[in-house]
Amino acid sequence: MRPGSILINTARGAVVDEADLYDFLARGHLSGAGLDVLELEPPDPANPLLGLDNVVISPHIAGIDTQAMADMAEMAAQAIVDHRAGSIRRECVVNPAVLEARGA
């Protein structure tokens with residue numbers, strides 16, 4: 001990145017090498033970073049990025065807004081209704097191994 005740039009990561013923690021990012025920020029090559037995700041969450045209190053004044057870290061909430069919250073609540077309620085009716089919404093299952101274990 002060009003000197004003075006600000007890095008923003010709202011994707012996945014592993015997208016950014018945190019040791020390199022710390023080095024670029026500490027040396028002043030980058031002027032700042034905005035991170036919604038880290039390699040390790042919750043972060044290790046010893047993570048050196050936490051001690052930099054030119055880093056802003058949010059608790060992995062970049063995708064949360066009023067509409068997203070309403071959509072998640074509706075999807076969760078519908079998943080409960082579907083489950084009680086004997087079906088499972090596969091797109092709502094985070095761990096597919098659970099479905100395999102149930103023979104679903």
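The values are calculated or read from the model by the stated rules, or taken from the named source; none is laboratory data. All figures in this text were calculated on a predicted structure; none of them were measured in a lab. Using ideal geometry, Cβ is built from the backbone for each residue, glycine included, and neighbour counts are taken over all protein chains shown.
Within region 27-43, the set of residues being free of Cβ contacts under 8 Å to residues at least 24 places away in the same chain and either surrounded by 12 or more Cβ atoms within 10 Å (Cβ to Cβ) or of a type in the set (S, T, N, Q) (or both) comprises just one member, P43. Looking across region 79-96, the residues that are over 23 Å from I61 (Cα atoms) and at pLDDT 85 or above come down to I80, V81, D82, H83, R84, A85, G86, S87.
Would you confirm whether any residue within region 59-70 is in a helix (DSSP H, G or I), of a type in the set (G, A, S) and modelled with pLDDT under 95? Within region 59-70, one or more residues are in a helix (DSSP H, G or I), of a type in the set (G, A, S) and modelled with pLDDT under 95. Would a scan of region 32-55 turn up a residue that is more than 15 Å from the chain's Cα centre (by Cα), of a type in the set (D, E) and not in a loop (DSSP other than H, G, I, E, B)? No, region 32-55 contains no residue that is more than 15 Å from the chain's Cα centre (by Cα), of a type in the set (D, E) and not in a loop (DSSP other than H, G, I, E, B).
Residue count for region 2-31, restricted to those that are over 22 Å from the mean Cα position of the chain (by Cα) and farther than 14 Å from N54 by Cβ: 1. Contact map, region 1-26: residues that are surrounded by 13 or more Cβ atoms within 10 Å (Cβ to Cβ) paired with residues that are among the β-branched types (V, I, T), Cβ distance under 8 Å, separation 6+ or inter-chain. Pairs shown: L7/V16; N9/V15; N9/V16; N9/V37; T10/V37; G13/V37; L25/V55.
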